[in-house]
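Below: one structure, written as structure tokens.
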Amino acid sequence: MSPLTLFQLAALILLAIGMYGLVWRKSLVGMLISVELMLNGAGLSIVAAAQLSGKEPALGQLGTLLVMGLAAAEATLVLAIVVVVSKRFKSIETDAVSELKG
């Protein structure tokens, strides 16, 4: 197996673990961690493809920096939303937040 295939397989495993966590986690913070895993898999895939395919490695590194910046911005916004939800609903569990309050 080529190194590119191994890196792409590792990125796919990170994506699968992230998808599993996003579907089955009940906590908003756990869901955030799962999304971060998925974004890390995308970054790994981009940098591995650029480094091992003969293309310009700097473009892959810039693409990965873009993904990392997106992940940082997403984490900041989601954590702010978690703080607001925890103050309003007194819980960060998705079941408590999704129920209608009469």
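Every read-out reported here was derived from the displayed coordinates using simple, explicitly stated rules and does not represent laboratory data. Keep in mind that what you see is a predicted model, and the values were worked out from it rather than measured. So basically every Cβ, Gly included, is an ideal-geometry build from the backbone, and we count neighbours across all protein chains shown.
Which is the longest part of the chain that has none of the trypsin sites (Lys or Arg not before Pro) sitting in a DSSP loop with at most 11 other Cβ atoms within 10 Å? So the longest stretch without any such site is 56-89. Given charges of +1 on the Cβ of Lys and Arg and -1 on the Cβ of Asp and Glu, with all other atoms neutral, how large is the dipole of the chain about its Cα centre, in debye to the nearest 20? Result for the chain is approximately 280 debye, rounded to the nearest 20.
Pairwise Cα distances in the chain exceed 18 Å for 57 percent of all pairs. Taking every DSSP helix (H) stretch of at least 4 residues in the chain, weighting each as -39,500 (n - 2.57) and dividing the sum by the residue count yields a mean residue ellipticity at 222 nm of -29000 deg cm²/dmol. Phi angles across the range 47-53 convert, under the Karplus curve 6.51 cos²θ - 1.76 cosθ + 1.60 with θ = phi - 60°, into 3J(HN,Hα) values of 5, 5, 5, 6, 6, 9, 9 Hz, Gly and Pro given as x.
From least to most packed, judged by other beta carbons within 10 angstrom and beginning with the fewest, Thr94, Thr76, Thr64 follow the order Thr76, Thr94, Thr64.
The phi-based Karplus calculation (6.51 cos²θ - 1.76 cosθ + 1.60; θ = phi - 60°) puts the 3J(HN,Hα) values of the range 9-16 at 5, 5, 5, 5, 5, 4, 5, 5 Hz, whole numbers, x for Gly and Pro.
Taking label points 7 Å from Cα along the Cα-to-Cβ direction, Gln51 and Ala73 give a separation of 2.6 nm.
What the phi angles of the range 23-35 give under the Karplus curve with 6.51, -1.76 and 1.60, with θ = phi - 60°, is a coupling list of 6, 9, 6, 9, 9, 5, 5, x, 5, 4, 4, 5, 5 Hz, glycine and proline written as x.
Take every pair of alpha-carbon atoms less than 8 Å apart whose residues are at least six positions apart; their mean separation over the length of the range 3-98 yields a relative contact order of 28 percent.
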